[in-house]
Amino acid sequence: MNDAIWLLLAVPEWYAESIADPLGAGPLTLIPACGLVCLAAGIVLAVRQRSRASLLFLIPLLLSEAFVAAAGALRGQVSSPTFILLAFLGVQFVLSAGLAVRLSGARAAGLLLGFFSLSYALFAAFVAAMAFTDSWV
């Protein structure tokens, strides 16, 4: 249970730290850094357009956090998590794309927030893969 809480709190911190050195670990830090820029721009556009529906993008974020917490709870117990990771990323893609399309009045904000959601999901999947197998980079 401690691993679940630890990862639940650590992943957002690790994700946010990527903005300090976007190329520090290659694409591993470039993707979250771009996601953070999209998050900032998406929030600004959503606020300017008064799009309350943009708050629905909290769902993919919370889903990613729940996935990472589950991976922490199952730390070292899944030897081959490929199917689990692909299923998670597929659900996240469909959810983020659906939400972006739903924001018809705030399409630009939806696209930016959708990219943020997908970049966070990719980062969460990477961390979850390490937790599932207990093989850390």
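Just so you know, all these numbers are worked out from the coordinates, no wet-lab data involved. Predicted model only: the values in this text are computed from it and were never measured. Using ideal geometry, Cβ is built from the backbone for each residue, glycine included, and neighbour counts are taken over all protein chains shown.
Each Cα pair under 8 Å and six or more residues apart adds its sequence gap; the mean of these over the residue count of the range 2-133 is a relative contact order of 38 percent. Springs between Cα atoms under 10 Å define the GNM used for the chain, and in it the highest mean-square fluctuation of VAL127, VAL47, VAL68 occurs at VAL47. Each of PHE88, PHE83, PHE93 was scored by other Cβ atoms within 10 Å of its Cβ. Listed from fewest to most, they are PHE83, PHE93, PHE88.
Selection among LEU56, PHE116, PRO27 by position relative to the dipole of the range 2-133 gives LEU56 as farthest towards the positive end (Cβ unit charges, Cα centre).
Each part reduced to its alpha carbon centroid, the range 1-32 and the range 67-119 end up 16 Å apart. Between SER104, SER64, SER117, the Gaussian network model of the chain with springs among Cα atoms under 10 angstrom shows the greatest mean-square fluctuation at SER104. Given the choices (1) 46; (2) 51; (3) 82, percent of Cα pairs over 20 Å apart derived from the coordinates of this structure is entry (1).
Helix 27-48 against the longest principal axis of the chain: what's the angle in degrees, Cα atoms only, rounded to the nearest 10? Roughly 30 degrees, rounded to the nearest 10.
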